[in-house]
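The values are calculated or read from the model by the stated rules, or taken from the named source; none is laboratory data. All values derive from a computational prediction rather than experimental measurement. Heads up, the Cβs are rebuilt from the backbone with ideal geometry, glycines too, and the neighbour counts pull from every protein chain shown.
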Amino acid sequence: MTVTDRRFADREAPCGRVMGGLRHQDRDSECLLTDALYFSCGCQRIRHEYHDGSFSRKVVHHDGHVLVDELFGS
């Protein structure tokens, strides 16, 4: 498993604000890649790529409202 956490600045969050936050990436045996952006306001963008080529993405507003929750098959 490879895990990377990095700070970022000046990205547009799902709420429309431009701000910083934390980018978390990891690779493991069940999910090839998880790439998650956690914004300072509480918004999130999460993408999972799986070994079969499918991927999912989820976008959450800082108020907890799920804006996008999709799974794409290969």
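Below, the figures for the structure above:
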read-out	value
In region 18-52, residue nearest to L67 (Cα to Cα) [restricted to those that are within 13 Å of the chain's Cα centre (by Cα) and among the basic types (K, R)]	R45
Among the residues listed as D10, D5, D35, the single one being among the acidic types (D, E), at positive phi and modelled with pLDDT of 90 or more	D10
Search result, residues across region 39-74 that are among the charged types (D, E, K, R), closer than 22 Å to A13 by Cβ and part of a loop (DSSP other than H, G, I, E, B)	D63
Subset of region 20-55 (residues that are over 23 Å from R7 (Cα atoms) and either touching a residue at least 60 places away in the same chain (Cβ under 8 Å) or among the small types (G, A, S) (or both))	S29, G53, S54
Any hit, region 22-38, residues being of a type in the set (D, E, K, R), surrounded by fewer than 16 Cβ atoms within 10 Å (Cβ to Cβ) and touching a His at 6+ places or on another chain (Cβ under 6 Å)	no
Residue list for region 38-62, filter: at pLDDT 95 or above, among the polar types (S, T, N, Q) and under 28 Å from G73 (Cβ atoms)	Q44, S56
